[in-house]
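Notes for the one structure printed next.
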Amino acid sequence: MNLHVKYFFVSVFLMGLLVVSCKKEEGIGGTSTIKGKVVVREYNANFTELTEQYYATDEDVFIVYGDDPVYGDKTSTGFDGTYEFNYLREGNYTVYGYSKDSANYPTKHMIPVKVNVSISGKKKTVEAKDIVILK
């Protein structure tokens, strides 16, 4: 095989690797935003009667980038229950907060309440479904 042909194939191979390795995954570095609200539902001790419902203030909200096994960032809700994650790339995300477990109410276990969100473009603002937690 001629030397020029070998260089050509090596160049094409390296350019292919470069294109594959440049795929942007979910996470920080984009121009999009996910925003939403956290709603608190307060029940009596055995979760049989709803006593109050309101937007959560200063509640932690977490975001998972793609299928990562751990959260990538966290924020807290404002006075009106809103949260926001900025500078995100296109892709799939999970946002969640922690709630009391009504199925095992005598225990103090907290469970994640998850909402899946997809961003399908640049400079998008995506409104997530409410995260409803129990207290």
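Just so it is clear, none of the values below were taken in a lab; they were calculated from the coordinates. All values derive from a computational prediction rather than experimental measurement. Methodologically, a virtual Cβ is constructed for each residue, glycine included, from the backbone with ideal geometry; neighbour enumeration extends over all protein chains shown.
Summary of computed values
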item	result
Antiparallel DSSP beta bridges within the range 32-98, percent to nearest 5	100 percent
Net lengthening on full extension, Glu127/Asp80 (0.36 nm per residue, minus Cα-Cα)	15.4 nm
Estimated inter-spin distance, Lys35 and Asp68, nm [label 7 Å along Cα→Cβ]	2.3 nm
At R0 = 30 Å, FRET efficiency that the Cβ-Cβ distance of Ile111 and Glu90 yields, to 0.05	0.55
Theoretical gain in end-to-end length, Lys24 to Gln53 [0.36 nm per residue, Cα-Cα removed]	6.5 nm
Total formal charge among the other residues, if their Cβ is under 13 angstrom from that of Ala45, Lys/Arg +1 and Asp/Glu -1	+1
Listed residue pairs exceeding 20 Å between alpha carbons, taken from Lys24/Lys124; Lys74/Lys108; Lys24/Lys129; Lys37/Lys74	Lys74/Lys108; Lys24/Lys129
Trypsin sites (Lys or Arg not before Pro) restricted to the range 72-123 and DSSP loop, no more than 11 other C-beta within 10 Å	Lys108, Lys122, Lys123
Cα-based Rg and Dmax for the range 72-135, where Dmax is the largest Cα-Cα distance (Å)	13.9, 46
Proximal charge balance of Thr31 [Cβ under 11 Å; K/R count +1, D/E count -1]	+3
